[in-house]
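The structure under discussion appears below in the form of structure tokens.
The values are calculated or read from the model by the stated rules, or taken from the named source; none is laboratory data. Quantities reported herein were computed from a predicted structural model and do not represent experimental measurements. Note: ideal-geometry Cβ built from the backbone for every residue, glycine included; neighbour counts use all protein chains shown.
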Amino acid sequence: MPWKEHGVMEERFRLVEEWKSGDWSMAELCRFYGVTRVTGYKWVERYESGGMEALRDLSRAPKRHPNEVGEEMEDLVIAEREKHPSWGAPKIRARLSREHP
């Protein structure tokens, strides 16, 4: 008989529920589930603040992009590129920095 596979959220939920029952210490549960105690407490805190949905994996995408230009500057670059298709980035940058400091 094959092992029954469980989803990540279900495993996290089980850890939280078993901890809430008071039958197990956090250290025992974390050893059993193969996670650190910091992670175990983080899951409990996330569950208590947001329920089952909060146990989903969080996005690892950056929240901001340091080199991102504003929408206005992007429109200016596109307009210059359409006027002068043979120009490269250095020439467009030089022109825009003169005209729009």
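Tabulated values for the structure
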| read-out | value |
| --- | --- |
| Enumerated helices (runs of 4 or more DSSP H) restricted to segment 1-73, each holding at least 2 residues that are surrounded by fewer than 12 Cβ atoms within 10 Å (Cβ to Cβ) | 8-21, 37-50 |
| Selected residue [more than 18 Å from the chain's Cα centre (by Cα) and in the same structural domain as V16 (by TED's automatic domain parsing)] from G34, G88, G50 | G34 |
| Residue check, R93 charged (D, E, K, R), more than 31 Å from the chain's Cα centre (by Cα) and in a helix (DSSP H, G or I) | yes |
| Only one of E68, E48 that is at pLDDT below 95 and either more than 30 Å from E11 (Cβ to Cβ) or touching a Ser or Thr at 6+ places or on another chain (Cβ under 6 Å) (or both) | E68 |
